[in-house]
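Since the structure comes first, as structure tokens, the remarks are kept for the end.
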Amino acid sequence: MTLGAAKVSKTHSFMTVSLIELWERFGYYGMQALIVYFMVQRLGFDDSRANLVWSACAALIYVSPAIGGWVGDKILGTKRTMLLGAGVLSVGYALMTVPTENTWFLFGALGVIVVGNGLFKPNAGNLVRKIYEGDDSKIDSAFTIYYMAVNVGSTFSMLLTPWIKDYVNATYGNEFGWHAAFAVCCVGLLVGLGNYAIMRKTVSEYGSEPDSRPVDKSKLAIVLAVAAASVVLSAVILEYQTVARIFVYAAGIAVLAIFAHLIRSSEVSERAGLIAALVLTVQTVFFFVFYQQMSTSLALFALRNVDWEFNVLGMHLWTWSPAQFQALNPIWIMVLSPVLAWTYSWAGRNNKDFSIAGKFALGFAVVAVGFFIYGFAGQFAVDGKTSSWIMIWGYGSYSLGELLVSGLGLAMIARYVPARMGGFMMGAYFVASGISQYLGGVVANFASVPEDIKDPLQTLPIYTSLFNKLGIAAVVCTLIALAVLPLMRRLTETHHSHNGNGHDDSAAAALSDVKTEQ
């Protein structure tokens, strides 16, 4: 094979994986845009229950890839596990198209989605890494494009599924619109699988060691049995809030115990890096508490206290459904990512780059600005409804903070954790992120609106009070992040002196651009 042919082959292989990832994210974010509204408006859940159910589900979705990656590497193979995950996800979304108000049925469907995500997500990313293994000059740009695929899929679906829901409900009634929208999520996965079937030869050379062997049917049966049990366990966790709390807190204790054990048993040369990783992981946990507001308190704020009309100088531009405001997050991510990447490169060339810890501090500061924008929205409200433009600028700050904190999480693990612990610590990082998703739902419940309150003038101060408090909390996180900068500098210098790791953070930033937020 000529060098040119090899490059084309890698490009085609990469596009095959990127397309199935795009359609998988299309399905997931299309569902996420509607799920809290579905529980509140269709199933009659109170705000508190809807927030906690979805946050527990998000926690499980973050935890599950830690297991799915191991299944792909050691048992079924990366490609097979990815495809199995996509198939399971399509079943989960198909179940959500069934027009029933039975909560166990919904939680079972969400459990199927948890399992499918766990099988799909880590293996799609690992396949991209395998395609460009040993080609460091290409992997950063590949992951940047892959990241854009994630955001293209999520933007399109977050705009489309709310529109479909509203159109079908208005045209045919009987609340069928919800289920038509979830059906579109299922179709997205089927399109992704169809694309892969057509292009599968382009990835025939890539995968983990089990991919090169015939399927071991006994191992496949065991994986499917464990997957079925995991669906049942997920449904139980979603139904019973006490079980969810026990699960989350036990996972938190386990993560801290893992860090403590690794730090205590590590070589002296590794200890500084592990302590630095622990400090930054704790900060990431706090960030995801803020992040979870997008699909909980901010979603319900958009429903009840935002004017959905976009007007400029008295001229009407367009009208959005409240669920469509969540699309502002990936839109801003796509706008800001190239700007931030250029800024990192410029700073690196001019020796003005600052550490991951410094970027975390800046990230919390801009998140604080975002929540204060939402908090001050009450000052500009008319009859309890604030301007839709408030959401645009609030999401802009919020998304920049996400790029600075969440976007660097994987780079942090890669930088500070010894290679022999990398996979294990990546799993611990995802578990910690999942815990904070649940805690984000607990925080969102401070703005739970009692069912008898319908007047926007009464609901507005409930939301703005929470947003202002979150802004203050983000300021506190900023100050803490600044206070630990000297410690982080010493730990980083010690880590570098022992490991000869002198490369700057900007190189790792692009690698971490794959959105771990599920």
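Going 7 Å from the Cα of Phe376 in the Cα-to-Cβ direction, what parts of region 450-485 have a backbone nitrogen less than 13 Å from that spot? Residues 468 qualify, since their backbone N sits under 13 Å from the label point. Approximating the spin labels as points 7 Å out from Cα along Cα→Cβ, the Ala347-to-Gln41 distance works out to 4.0 nm. Here's the picture: charge each Lys and Arg Cβ at +1 and each Asp and Glu Cβ at -1 in the chain, and of Ala183, Trp320, Val449 the one pushed furthest to the positive end of that dipole is Ala183. Placing +1 on each Lys and Arg Cβ and -1 on each Asp and Glu Cβ, with no other charges, gives the chain a dipole about its Cα centre of roughly 1000 debye. Glu493 contributes about 110 Å² of solvent-accessible surface, heavy atoms of the protein only, 1.4 Å probe. Of the residues Val152, Leu256, Leu300, the one whose Cα sits farthest towards the positive end of the charge dipole of the chain is Leu256 (charges of +1 on Lys and Arg Cβ, -1 on Asp and Glu Cβ, taken about the Cα centre).
Ignoring the sites themselves, the chain has its longest run without trypsin sites (Lys or Arg not before Pro) in a DSSP loop having at most 15 other Cβ atoms within 10 Å at 1-351.
Could you sort Ile113, Ile246 by accessible area so the largest value comes first, with the probe set to 1.4 Å? Provide the component values of the computation, followed by the final result.
Values: Ile113 0, Ile246 110 Å².
The ranking, largest first, comes out as Ile246, Ile113.
Residue pairs exceeding 25 angstrom between C-alpha atoms, taken from Lys121/Lys469; Lys74/Lys217; Lys130/Lys352: Lys121/Lys469; Lys130/Lys352. Only helices enter this figure: runs of n ≥ 4 DSSP H residues, each worth -39500 (n - 2.57), summed and divided by the residues of the chain, yield -26000 deg cm²/dmol at 222 nm to the nearest 500. Largest first, the residues Ile333, Ile263 sort by 1.4 Å accessible area into Ile263, Ile333.
Mean projected area of the convex hull spanned by the Cα atoms of the chain, taken over all viewing directions: 25.2 nm².
Start at zero, step by 5 Å, and the Cα-Cα distances of region 282-329 spread as 5, 18, 23, 18, 14, 10, 6, 4, 2, 0 percent across the bins. Based on the alpha-carbon gyration tensor of region 288-391 and its eigenvalue square roots a ≥ b ≥ c, which shape applies: rounded if a/c is under 1.5, prolate if not and a/b is larger than b/c, or oblate? Prolate is the answer for region 288-391, as a/c is 1.5 or above and a/b outweighs b/c. Counted residue by residue at 0.36 nm each, then reduced by the alpha carbon distance between them, the extension gain from Ser212 to Thr171 reaches 9.7 nm. With R₀ fixed at 60 Å, the C-beta to C-beta distance from Leu482 to Ala221 puts the FRET efficiency at about 0.65.
FRET efficiency for the pair Phe105 and Leu256, taken as 1/(1 + (r/R0)^6) with r the Cβ-Cβ distance and R0 = 35 Å, rounds to 0.45. Going 7 Å from the Cα of Glu133 along its beta-carbon direction, which residues of region 185-229 have the amide nitrogen within less than 13 Å of the resulting point? It comes to 205-212, nothing else. Farthest toward the dipole's positive end in region 1-102, which of Tyr29, Ser9, Ser55, given Cβ charges of +1 (Lys, Arg) and -1 (Asp, Glu) about the Cα centre? Going by the charge dipole, the pick is Ser9.
The values are calculated or read from the model by the stated rules, or taken from the named source; none is laboratory data. Computed from a prediction, not measured in an experiment: that's the story for all the values here. Here Cβ is always computed from backbone atoms with ideal geometry, including for glycine, and neighbour counts include all displayed protein chains. Note: areas computed on protein heavy atoms with side chains; ligands, DNA, RNA excluded. Shrake-Rupley method; radii C 1.70, N 1.55, O 1.52, S 1.80 Å.
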